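The values are calculated or read from the model by the stated rules, or taken from the named source; none is laboratory data. Everything numeric in this text was worked out from a predicted model, so none of it was measured. So basically every Cβ, Gly included, is an ideal-geometry build from the backbone, and we count neighbours across all protein chains shown. Protein only, heavy atoms only, side chains kept; ligands, DNA and RNA dropped before computing areas. Shrake-Rupley method; radii C 1.70, N 1.55, O 1.52, S 1.80 Å.
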Amino acid sequence: MTITIRPASETDLHGLLALYAELNPDDAPLPAESAGSIWQAVRDQQGRTVLVADLDGTLVGTADCVVLPNLTRGGRSILVVENVVVSQAHRRRGVGRHLMDAAAQLAESTGCYKMQLLAADGQEAHTFYEACGFRPLAQGFRRYLGQDRPAGPAGEPRRSES
């Protein structure tokens, strides 16, 4: 099994949407027109790289990386990682590790001083990120906006998001 980690291309939208459906199965599918225009905006955003894990033309994982310019730390940027998912059929085979290594290389190549992410609830995700060199050094907070989000316990969404 040879996995290639690369920036997502124009033609990867369908594969990305399939992966995101695994990440958040309660989300309604986006209409094709909306998905296309959002994907165009993502691709055009300066400092943003959606990495994909490609196995013989099939996307089996992804990580959305955004370089944030920063006025502290000598002007060194921060890389924020979001929407990390590996397809259920390809987990525990090193795909996620390859994605995180590529994100770290992206951070280093763009002069970032740190990488940061919020992990979904659950020990499996926490163990994975710690194995990739992340440390639980801060407490994260979220504030979900909008009234149309499905609520879970105490007003939280039904599924944790990364």
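Out of the residues in the range 23-33 that are charged (D, E, K, R) and farther than 30 Å from ASP101 by Cβ, which is least open to solvent (accessible area, probe 1.4 Å)? If we take residues in the range 23-33 being charged (D, E, K, R) and farther than 30 Å from ASP101 by Cβ, then ASP26 is least open to solvent (accessible area, probe 1.4 Å). The lone criterion from (1) assigned to a loop (DSSP other than H, G, I, E, B); (2) surrounded by 14 or more Cβ atoms within 10 Å (Cβ to Cβ) left unmet by ARG92 is number (2).
Scan the range 16-34 and give yes if some residue there is touching a residue at least 24 places away in the same chain (Cβ under 8 Å), touching a Gly at 6+ places or on another chain (Cβ under 9 Å) and among the small types (Gly, Ala, Ser), otherwise no. Among the residues of the range 16-34, not one is touching a residue at least 24 places away in the same chain (Cβ under 8 Å), touching a Gly at 6+ places or on another chain (Cβ under 9 Å) and among the small types (Gly, Ala, Ser), which makes the answer no. Of the listed requirements (1) out of contact with any helix residue (DSSP H, G or I) (no Cβ under 6 Å at 6 or more places or on another chain); (2) over 14 Å from ALA8 (Cβ atoms); (3) modelled with pLDDT under 95, GLY57 misses just one: (2). Considering the range 34-71, the residues that are out of contact with any Pro (no Cβ under 7 Å at 6 or more places or on another chain) and of a type in the set (S, T, N, Q) include one that is surrounded by the fewest Cβ atoms within 10 Å (Cβ to Cβ), namely GLN46.
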